[in-house]
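Novice: Questions regarding the structure given below will be posed in turn.
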Amino acid sequence: MPRSRRTRSAGSRSSGNWAADLMRPDVTPLREGDRIDRALELFVESDLLALPVVEDGDAADGPRVLGVVKRSDISSTYLRYVQGMAAPGEAAAGVR
């Protein structure tokens, strides 16, 4: 059962006090091998400030989260690349 639909024990607090109550379950994560342009696409589509980065492999229990990439980091890295100030392979937080 998804975490956001779990029932709380009788002694638990009201809704909104748990991460599962606040999270967006429909976020498409970045893969560790994704390029910066893919990250920009996902940021535009989702209108989020940060995206999780997950392993490329398919684990039996789902992909493992490796970290989080902020939209500002991707934007500044891409801008430096476009302006010729960074090498094409240089990127933030493992996103290529």
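Where a number appears in this text, it was derived from the coordinates with a stated rule and is not lab data. Given the structure is predicted, the values throughout are model-derived calculations rather than measurements. Positions of Cβ are backbone-derived with ideal geometry, glycine not excepted, and every protein chain shown enters the neighbour counts.
Novice: Given 0.36 nm per residue, what is the gain on full extension from GLU45 to ARG24 after removing their alpha carbon distance, in nm?
Specialist: Working: separation 21, 0.36 × 21 = 7.56 nm, distance 1.38 nm.
Gain on extension, GLU45 to ARG24, equals 6.2 nm.
Novice: Let me ask you something else. Rank the residues LEU51, LEU79, LEU42 as a footprinting-exposure proxy: fewest other Cβ atoms within 10 Å of their Cβ go first. Mind showing how you got there, number by number?
Specialist: Numbers: LEU51 23, LEU79 11, LEU42 19.
Ascending Cβ contact count within 10 Å gives the list LEU79, LEU42, LEU51.
Novice: Between VAL69 and residues 5 or more places away or on another chain, which pairs have amide H atoms under 5 Å apart, with H built 1.01 Å from N, and which residues are they?
Specialist: For VAL69, the qualifying residues are LEU51, VAL53.
Novice: From the phi of every residue in segment 21-31, what ³J(HN,Hα) in whole Hz does the Karplus formula 6.51 cos²θ - 1.76 cosθ + 1.60 yield, where θ is phi - 60° and glycine or proline is x?
Specialist: Going residue by residue, I get 6, 9, 6, 9, x, 9, 7, 7, x, 7, 9 Hz, with x marking Gly and Pro.
Novice: Mind jotting down the distance between the C-alpha centroids of segment 63-84 and segment 20-47, whole Å?
Specialist: So the two Cα centres are separated by 12 Å.
Novice: List the residues whose amide H sits under 5 Å from the amide H of ASP34, counting only those 5 or more places along or on another chain, with H placed 1.01 Å from N in the peptide plane.
Specialist: Answer set, sorted by chain and number: ARG96.
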